[in-house]
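The values are calculated or read from the model by the stated rules, or taken from the named source; none is laboratory data. As the structure is a computational prediction, the values presented were derived from the model and not from experiment. All Cβ positions, even for glycine, are placed from backbone atoms using ideal geometry, and neighbour counts span all protein chains on display. To get the accessible areas, we keep the full protein, side chains included, count just its heavy atoms, and leave off ligands, DNA and RNA. Shrake-Rupley method; radii C 1.70, N 1.55, O 1.52, S 1.80 Å.
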There are 2 protein chains.
Amino acid sequence: MSTRPTLAAVAAHAGVSPSTASLAFSGSPRVTPGTRERVLSAAAELGYAGPDPLAASLRRGRSGVIGAFVGERLLYAFRDPVAIQLLDGITEVLGSHGVGLLLLAGDTGRPSTEQIGRIPLDAAIFATCGLEDDPALDQLRSRGVPIVVVEGPVVDGVVLVDIDDRRGTRDLARHLHDLGHRRVEILAMPLRLDGRRGFIDAARRSRAHYRDVRHRLEGVEDVFGPVPAFETASNAVAEGAAAARVLLDVPAHRRATAVIAQSDVLAAGVLQAAAALGLRVPEDVSVAGFDGADLSWLGATRLTTVVQPSDEKGRAAAEAAMELVAGGHPPDLLLPVTLRIGTTSGPPPS
Amino acid sequence: MSTRPTLAAVAAHAGVSPSTASLAFSGSPRVTPGTRERVLSAAAELGYAGPDPLAASLRRGRSGVIGAFVGERLLYAFRDPVAIQLLDGITEVLGSHGVGLLLLAGDTGRPSTEQIGRIPLDAAIFATCGLEDDPALDQLRSRGVPIVVVEGPVVDGVVLVDIDDRRGTRDLARHLHDLGHRRVEILAMPLRLDGRRGFIDAARRSRAHYRDVRHRLEGVEDVFGPVPAFETASNAVAEGAAAARVLLDVPAHRRATAVIAQSDVLAAGVLQAAAALGLRVPEDVSVAGFDGADLSWLGATRLTTVVQPSDEKGRAAAEAAMELVAGGHPPDLLLPVTLRIGTTSGPPPS
DNA sequence: AACGGCGATCGAATCGATTCGACGAGGAGC
DNA sequence: GCTCCTCGTCGAATCGATTCGATCGCCGTT
């Protein structure tokens, strides 16, 4: 009893050949109901729970597992509402195909490199990590694993699922400009994960690791021209609040009339900081975000933001991955975003 | 070029046998540095990225993948700070072993049942789902996949990682009792996922799906005896707030002097509702939670709660799983919890 | 010089299923 | 009644690496 029965054993017990037994388990119509029945009951007698997935995978050349790389540490990704919706969209599609989602920490050195070599992946989705030079990406490519990248770099042979970050922020900036704002500041997500905070200069900007962050800067500049941008160390409410205290705690005549946060999470921090400083939103300062995340805990306040289809992004990425696995050539995708005007933007103080 | 090179091809190219090539790749000390070098450069020439994980897995009998079942839908699990910390603890340990984490939606019918049969798992961790009668559990057991259950049922041959829910709530209840409270109410997490809300009666309670919820009821009753308990439909802030409005929006003489929420998330909802109703905490009503989650967005308020080591729970579960895979027999585990008294509990109004 | 020992390399079996082409029997058509 | 076709079943090759035990050669020893 130390060893589990194999398909061959079941076949022998049922008095059929292994091939027939295999057909029976795969539910092929080429096998007689009676025979199938015999095989199944033989399996039941022997306590055989079905073909070994490992062996089947080897033969088929597919493991039924798709890897998702989420930034740096999983914990951070889990805290990001957008990443979560993205993952949810991915699992939704993969689940319906009977494919499992393997979580991998991207943007990091040793562990994942080793993992990638040992874990059978049918395809990989780079979900929320910059990767201009990710070793994991190269390794997977040389292994021939199909890859889908969400908001990542344009790489040959890799399917890209993107959203129109630049256009979205441009629309948002125009909205603020139309309201009369002329002095705005940007609260930026990290350009790379080195824990740095502070105003972004040209040198720093050129070392940006994340494409979406850059695009969201550019969108604002399309309307306002050069604008001061303050980089946060991570995309978190507390980070946004801390940065906003720096930006807003200055005399009114030098204060920006609008703060454009690059994410709703950061914007929530700005709202918190503004309240703490006794500034009214939008009377004293307008606040805008990006993502269209669920911020119901803000109460009656509805954030002016750019809504992106996070879950749709996940579904699209997963579907592209499935198509790649099937041997297809899905096209790159650019998903639209829409401006949603809430209660946090208004005319600048006169 | 349509087909990738195999280890055998590399071996031939390097002028060694496949076995030696394999040894070279696995970094065995039994192979001469010179030979290894020759094999590696042959691999580089042929564009061979290393042994196929699928084939290696079959031979080894291990896939390097461990499955984590999280309740119902991943999206909900992702919203739960405890579940997230748990997953983070799991990934931390698995990552250090070079093992991947496969996310699976438990507590659901079709898709996972099918997935389980097709995906090679070395072990499974049931993370946050009740499963008195989960078909996935049975299926995995009959397949011989080692299983670790976090706060799940006691099943023969399954390792249990648990926390002392009952003792924790008991300590908390005693704290409130010592303060003078005599009329308390419980705000409970769902007993099962059928979307039901309302006071829990005996019939409902007997159909409970989740053990931790039951234990947290019992802990309170150990001190106060029978106590009204209001069940929420899901563990979310908004749910807690909605339920708290029902519990608190009554004349003061009929109102509970303390609300014991079964999670910090629910407790946050209670605080929200109390504020909306104009009730001061803890002067008008004391509020307590469970988990010790990060609620820094509450500001200065520090919730009285029972702190559980969520990440430690994850690490312990993952380590137990690794030990099972290695053929060991890790013991069941009961992790301690500690009462943390914050600013939300005080004497009852006189 | 012969022998023993040791370490590097090789052969061959194995992991467990899938699948393609072949084969045989039974039924339909002429 | 004979042939042809079809449907169900079987054999055997294959997926790609790992690993145990055997082999072969080299070096040190007496």
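Numbers at a glance
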{"read-out": "Apportionment of accessible area to carbon and sulfur, the protein assembly as shown, percent (1.4 Å)", "value": "52"}
{"read-out": "With Cα atoms, 0 to 90° folded angle of helix A:237-248 axis to chain A main axis", "value": "20"}
{"read-out": "Rounded to 5, the percent of DSSP beta bridges in the protein assembly as shown classed as antiparallel", "value": "15"}
{"read-out": "Against the rule of thumb 2.2 N^0.38 Å, how large the Cα Rg of the range B:165-308 comes out", "value": "0.94"}
{"read-out": "Sum of side-chain charges, residue B:62 neighbourhood, beta-carbon under 13 Å (Lys, Arg +1; Asp, Glu -1)", "value": "+1"}
{"read-out": "Antiparallel bridge percentage (DSSP; both residues within the range B:165-308; nearest 5)", "value": "15"}
{"read-out": "Accessible area in square angstrom per residue, the range A:165-309, 1.4 angstrom probe", "value": "39"}
{"read-out": "Degrees, to the nearest 10: A:81-96 long Cα axis against longest axis of chain A", "value": "20"}
{"read-out": "Gyration tensor verdict on the range A:210-269 (Cα atoms; rounded if a/c is under 1.5, prolate if a/b is larger than b/c, oblate otherwise)", "value": "oblate"}
{"read-out": "Options A:225, A:168, A:119, ranked by Cα towards positive dipole end of chain A, top entry (Cβ charges)", "value": "A:119"}
{"read-out": "Å³ per residue enclosed by the Cα convex hull of the range B:89-240", "value": "144"}
{"read-out": "Net +/- balance of residues flanking residue A:326 in space, Cβ distance below 14 Å, scoring K and R +1, D and E -1", "value": "-1"}
{"read-out": "Of A:321, B:46, A:142, farthest towards positive along the dipole that unit charges on Lys, Arg, Asp, Glu beta carbons give the protein assembly as shown", "value": "B:46"}
{"read-out": "Where B meets A: accessible area buried, both sides, 1.4 Å probe, Å²", "value": "4000"}
{"read-out": "Within chain B: Cβ-based charge dipole about Cα centre, in debye rounded to nearest 20 (Lys, Arg +1; Asp, Glu -1)", "value": "340"}
{"read-out": "For chain B, built as a Gaussian network whose Cα springs stay under 10 Å, the top-fluctuating residue of B:32, B:113, B:91", "value": "B:32"}
{"read-out": "Selected from B:338, A:15, A:29, residue furthest toward positive end of dipole (the protein assembly as shown; charges at beta carbon)", "value": "A:15"}
{"read-out": "Per residue convex hull volume, Cα atoms of the protein assembly as shown, in Å³", "value": "180"}
{"read-out": "Gyration tensor verdict on the range B:1-124 (Cα atoms; rounded if a/c is under 1.5, prolate if a/b is larger than b/c, oblate otherwise)", "value": "prolate"}
{"read-out": "Size of charge dipole - the range A:280-350 - debye, nearest 20, with Cβ of Lys, Arg +1 and Asp, Glu -1, no other charges", "value": "220"}
{"read-out": "Among A:270, A:246, A:213: highest mean-square fluctuation, GNM of chain A, C-alpha pairs under 10 Å", "value": "A:246"}
{"read-out": "Helix-only mean residue ellipticity at 222 nm for the protein assembly as shown, each DSSP H run of n ≥ 4 adding -39500 (n - 2.57), per residue, nearest 500", "value": "-13500 deg cm²/dmol"}
{"read-out": "Between the range B:256-314 and the range A:256-299, the Cα center-to-center distance that results, in Å", "value": "25"}
{"read-out": "Most mobile listed residue (A:98, A:47, A:289) in chain A, GNM with C-alpha springs under 10 Å", "value": "A:47"}
{"read-out": "Using alpha-carbon coordinates, inclination of helix A:310-325 to the longest axis of chain A, degrees", "value": "40"}
{"read-out": "Total charge dipole magnitude, the range B:165-308, about the Cα centre, Cβ charges on Lys, Arg, Asp, Glu only, Debye to nearest 20", "value": "360"}
{"read-out": "Paired Rg and Dmax values of chain A, which use every Cα atom, in angstrom", "value": "25.8, 90"}
